[in-house]
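Right, one structure below, let's go through it.
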Amino acid sequence: MTGLAPRPFYVTTPIYYINAEPHIGHAYTTMLADAVARSRRLLGDEVFFLTGTDEHGQKVERAAQAAGEGTRQFADRVAASFRRMCGDLRISNDDFIRTTEPRHFRAVEEIWRRVEAAGDLYKGDYEGWYCTTCEVFVPETQRVNGRCPTCGGKVERLKEESYYFRLSKYRQPLLDFYAAHPGFLQPRIRLNEVRTFVEAGLQDLSVSRTSFRWGIPVPGDPAHVMYVWFDALTNYLTALGFGSGDPAADARVGRFWPAVTHLVGKEIIRQHAVYWPAFLMSAGLPPPARIVAHGWWLMGGAKMSKSVGNVARYQDYVRVFGVDALRYFVMREMPLGQDASFSEDGVLARYNADLANDLGNLVSRTMTMIGRYCNGVIPPGGREADDGLDAALAADVDRTVAAAVGAFERLETGVALQEIWALVRSVNQYIVRREPWGLAKDPDRRHLLECTLYQAADAVRVVAALVDPVMPEASARIRGMLGVGAPTWVGLAAGGLEAGGRLGPVEPLFPRIEGTVEDVRAMATDEAPQTPAAPPAPPAGTEAPPATGTLSIDEFMKVELRVAKVLGAERVPRSKKLLKLLVDTGADQRTIVAGIAEAYEPEQLVGRTIVVVANLKPAKLMGIESSGMVLAASEEGGLPALIGVEGTAPGARVR
Ligand code: ME8
């Protein structure tokens with residue numbers, strides 16, 4: 001692929017209504033689009049990634065009234081929460097569009113004028129039902145028990161003058177377009193549904209309203225504001241610069257349109273796959289290349305929704321698990337096109353099994369052993385043993401690259417992650433079979449030890465590159481530990497790691513979260529933010545990073561090590577590993593939670609003199625505030641042994 005001009009790739013999320021703040025549903029589409037955008041950048045494509053807010057319409061106007069705020073002020077406030085979500089979730093969008101911006105008015109007016117010039121607009125009277133929650137007209141025949149068939153909400157009777165769009169005229173052009181572009185709507189079953197709907201005949205569509213004002217006025221007839229979907233869909237062109245009259249923007253439209261992938265939830269397929277291409281055809285523009293419709297996150301069996309109120313806040317999960325873990329969960333758990341359940345136990349289980357155990361363990365043991373056995377320098381590879389394990393692992397790495405990249409191209413992030421995790425498990429097994437800790441005891445087997453650690457580190461490098469679209473922070477942290485730079489998928493293959501490089505500082509990646517869902521819930525609502533991605537105080541015995549790099553004496557002296565006496569000790573309920581200690585540090589008495597319960601009974605500890613880090617920032621573990629950390633030594637996989645200094649009074653400085 002090198003040497004070829006980059007392919008343009010344009011990806012969008014729906015623009016979200018700002019009647020309420022974002023929840024996991026909006027966060028999901030945005031994170032998915034981000035992963036897609038990042039994967040395309042890794043492939044060398046020229047990417048434009050757009051998200052934003054849909055701010056007009058009756059629903060927003062009413063939400064502002066209910067909040068007792070002016071509509072514009074309300075719009076600014078809630079739109080800011082969607083923009084903040086992008087920052088919070090490390091979204092790499094190139095633009096954030098708000099439909100209340102002047103650039104958008106210009107673009108929509110231009111589309112309206114073109115559609116009008118094509119003879120596709122006429123004035124009439126609308127009488128019928130309207131669902132304000134979905135902002136859609138509901139034909140009499142589609143009401144279910146008098147309610148909206150999509151959201152189940154109340155519909156209202158409307159009777160007002162309206163402009164109509166000649167949607168009926170586009171029945172055959174749409175069917176021809178679907179036939180010529182079978183990949184237009186994915187999953188494919190959705191295209192069949194849309195085709196059946198269009199084949200049954202299309203009614204002209206009401207595209208303006210006169211009974212409220214919060215919208216874009218119809219050019220030349222300001223008593224009408226445009227129907228919010230006519231306005232909203234055009235955002236995808238506005239952001240490219242359509243309607244600005246600027247030649248550079250026209251060139252951008254030419255480059256990225258129609259090479260677009262619209263990611264949407266399945267409830268807004270009709271607007272994207274029927275109305276939008278028809279508006280575009282009328283305006284003399286090509287329909288979008290691809291619409292990908294995903295399923296719904298369910299909460300308690302029902303679609304998570306702002307209007308219903310059964311929502312999970314993304315912020316709560318970020319606080320407990322970190323951004324990357326939330327991104328991993330949603331992209332691993334929802335098969336593209338299908339619904340999935342969102343639950344705290346689901347996130348907790350995946351966090352501990354896949355991230356802390358599989359990936360965290362692989363990275364930690366690989367780095368630890370290179371630190372311990374190779375002085376923190378990547379050893380040379382290439383000296384293979386006759387057991388075939390090395391060649392098999394390299395082949396596995398290359399196969400995984402192809403499979404995962406292919407899955408990302410199809411937007412099947414769950415499949416991609418399954419492939420990557422199969423590799424993570426294979427590398428863990430490879431390490432177990434080779435037993436580097438055994439090889440390290442025999443100088444004659446030094447070559448095999450080095451080859452094994454090289455291969456493991458090289459596979460970790462590839463895993464870091466492959467997970468980058470889903471977990472950009474974890475990927476960067478792994479690369480930081482390995483001492484390698486920004487990844488690319490162009491030419492990604494086994495054996496690319498350079499020997500001789502020095503490891504960066506080694507840090508725990510995803511510390512295990514001990515505790516039940518109830519603990520997690522309590523942590524989520526705690527005021528103090530918990531970011532396991534960079535834990536302030538990992539309990540002793542959970543990780544053992546090797547000594548790599550050097551510290552100045554000043555840096556070392558920043559760590560306040562003090563002798564302390566254990567006054568009391570008890571098990572932390574529901575935790576296998578944690579003990580809650582009350583210690584006397586000479587200056588004060590404080591609580592420290594330590595991961596030593598598998599090695600010590602509480603009663604053995606009372607009266608013992610230990611060493612603690614006295615100036616660590618306090619952290620909450622299982623809901624208990626821990627002020628410091630106890631020092632303990634542990635061998636790889638072994639139990640922690642407390643460091644003690646008998647005969648020294650509490651408070652004595654250790655240096
Ligand atoms: O429909 N599961 O905005 P909206 C998965 N403004 N995704 C969900 C979800 C759930 N439970 N809930 C919401 C609109 N989403 C229009 C779009 S586009 C020109 C105009 C996501 O605020 C999903 O992407 O109701 C869905 O399509 C979108 O949010 C709807 O957001």
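The values are calculated or read from the model by the stated rules, or taken from the named source; none is laboratory data. Note that the coordinates shown come from a computational prediction; the quantities given were computed from them, not determined experimentally. Glycine also receives a Cβ, built like all others from the backbone with ideal geometry; neighbour counts cover every protein chain displayed. The area values use the complete protein model at the heavy-atom level, side chains included, leaving out ligands, DNA and RNA. Shrake-Rupley method; radii C 1.70, N 1.55, O 1.52, S 1.80 Å.
What value, in deg cm²/dmol to 500, does the helix sum -39500 (n - 2.57) over DSSP H runs of n ≥ 4 give at 222 nm once divided by the residues of the chain? Mind showing how you got there, number by number?
Values: 22 runs with 250 residues, N = 655.
That calculation yields -11500 deg cm²/dmol at 222 nm.
A protection proxy built from the mean count of other Cβ atoms within 10 Å ranks the segments 486-498, 51-63, most packed first, as 51-63, 486-498. The apolar share of the surface of the stretch 342-524, taken as the fraction of accessible area on carbon and sulfur atoms (1.4 Å probe, ligands and nucleic acids excluded), comes to 49 percent.
Do any GluC sites (Glu not before Pro) in the stretch 586-652 lie in a loop, going by DSSP, with at most 16 other beta-carbon atoms within 10 Å of their beta carbon, and if so which? Please list the in-between numbers first.
Working: sites: GLU598, GLU603, GLU625, GLU635, GLU636, GLU646; in loops: GLU598, GLU635, GLU636, GLU646.
Answer in residue order: GLU598, GLU635, GLU636, GLU646.
In the context of the full set of protein chains, the chain has a per residue accessible area of 40 Å² (1.4 Å probe). In terms of packing, defined here as the mean over residues of other Cβ atoms within 10 angstrom, the peptides 24-35, 100-111, 193-204 line up highest first as 24-35, 100-111, 193-204. The distance from the alpha carbon centre of the stretch 376-403 to that of the stretch 329-349 is 32 Å, rounded to a whole number.
The angle between the Cα long axis of helix 361-374 and the main principal axis of the chain comes to about 40°, on a 0 to 90 degree scale. With 28 Å as the limit, the listed pairs LYS441/LYS565; LYS441/LYS576; LYS565/LYS620; LYS576/LYS617; LYS441/LYS580 have LYS441/LYS565; LYS441/LYS576; LYS441/LYS580 beyond it between alpha carbons.
For the chain, the longest principal axis of the C-alpha atoms and the axis of helix 171-180 are separated by about 40°.
Based on Cα atoms of the chain, Rg over Rh with Rh as the Kirkwood radius reads 1.05. Helix 472-482 and the longest principal axis of the C-alpha atoms of the chain enclose an angle of approximately 30°.
Among 453-464, 437-448, sorting by the average number of other beta carbon atoms lying within 10 angstrom of each residue, highest first, gives 453-464, 437-448.
Sequence-distant contacts, meaning Cα pairs under 8 Å at least 6 residues apart, place the relative contact order of the chain at 11 percent.
Charging the Cβ of each Asp and Glu at -1 and of each Lys and Arg at +1, and nothing else, the dipole of the stretch 88-211 about its Cα centre rounds to 220 debye.
Roughly to the nearest percent, how much of the accessible area of the stretch 8-312 is carbon and sulfur, given a 1.4 Å probe?
On the way: 5710 of 11240 Å².
It is 51 percent, rounded to a whole number.
Centre-to-centre separation between the Cα atoms of the stretch 549-606 and those of the stretch 419-450: 33 Å. Note on the stretch 15-73 and the stretch 197-247: Cα centroid distance 18 Å, given to the nearest whole angstrom.
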